[in-house]
Amino acid sequence: MPSNLNRSLIKNLDLFKSLPDTDLDSILETALVCRLLTGEAAFRQGEVADRFFVLLHGHLKVVQVTPDGEQVVVRYVNPGDVFGIARAMRRLNYPASTLAVQESLALSWPSTEWDQFTATNPHFASNALQTVGQRLQDAHTRIQELSTEEVEQRVARAILRLVDQSGRQTPEGIVIDFPITRQDIAEMTGTTLHTVSRLLSAWKDRGLVVSGRKRIVVCAVDDLIRLAEGSHTSTVRAANAKV
């Protein structure tokens, strides 16, 4: 293990919880430190999936370009998350790019180690299975939202999801604790920058959120939850149509 990393911090990450010390030490022996500057890619869509990662610090976004050239923000990677696990999906190439939205630090291993770790360590295998299962459930939820919900609901849910994952309480409200733009929100929810801008402006007028350059603060979580559940009347005409 790289000598300058906090072993006790790593031991408490979801992927490594309950691992015996000897097993954790064995896994960390082959780890490399990956430092990413803002905007730098850990890997890009279509590249050979030769490594997998665990994020220790910072935030990343997973971006996929569709066959017709549309860019989609698939999800955000938070500290403790495992990413780049194409091997677990039996894929040879990364299906999306992963970019740092702020300076970040991760550990990485050769993808060939994934099968070895899961075969020889039942705790790692169980934790990995939970990770893959949660990833599939999240994808199912996103598809359901895109298919059945109005755009205002989708945007509200996306922001609430980010608040739940990375929210930090401030006197102003709960701030999403990494840089995020309105375009990012649009690419997460299958809508346009114009629609997201109109929604956030209307929500600001109603005291629900405060948004600025790469910054979103939620001031009224309960009201935003009601919007996400479709139980609050929209005030933005653009939100009345599905896109």
request  = Let me have the relative contact order for the chain, percent, based on Cα pairs under 8 Å that are six or more residues apart.
outcome  = 18
ask   = Using only Cα atoms, what Kirkwood radius does the stretch 169-223 have, in angstroms?
value = 11.4
request  = Please tell me the relative contact order of the stretch 7-145 in percent, rounded to the nearest whole number, where contacts are Cα pairs under 8 Å and at least six residues apart.
outcome  = 32
inquiry  = Could you tell me how many cubic angstrom of Cα convex hull volume the stretch 7-145 has per residue?
reply    = 109
task = Please report how far the C-alpha centroid of the stretch 135-199 lies from that of the stretch 82-96, rounded to the nearest whole angstrom.
result = 24
remark   = Mean-square fluctuation maximum in Gaussian network of the chain, Cα pairs under 10 Å, restricted to ALA49, ALA106, ALA202, hits ALA202
task = Let me know the Kirkwood hydrodynamic radius for the stretch 46-100, please, with Cα pairs as the basis and the value in Å to one decimal.
result = 11.7
inquiry  = Taking only the Cα atoms of the stretch 115-240, how large is their convex hull per residue, in Å³?
reply    = 129
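Compute the projected area of the convex hull of the Cα atoms of the chain, averaged over all viewing directions, and report it in nm² to one decimal place.
13.9
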remark   = If one builds a Gaussian network model of the chain from Cα atoms under 10 Å apart, the most fluctuating residue listed among PRO122, PRO171, PRO179 is PRO171
request  = Among the GluC sites (Glu not before Pro) in the stretch 12-81, which ones are in a DSSP loop with at most 10 other Cβ atoms within 10 Å of the Cβ? Mind listing them?
outcome  = GLU70
key: For the chain, size of Cβ-based charge dipole, Lys and Arg +1, Asp and Glu -1, in debye   = 520
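Every number in this text was worked out from the coordinates using simple rules, so none of it is lab data. Quantities reported herein were computed from a predicted structural model and do not represent experimental measurements. Every residue, glycine as well, gets a Cβ built from its backbone with ideal geometry; the counts of neighbours run over all protein chains shown.
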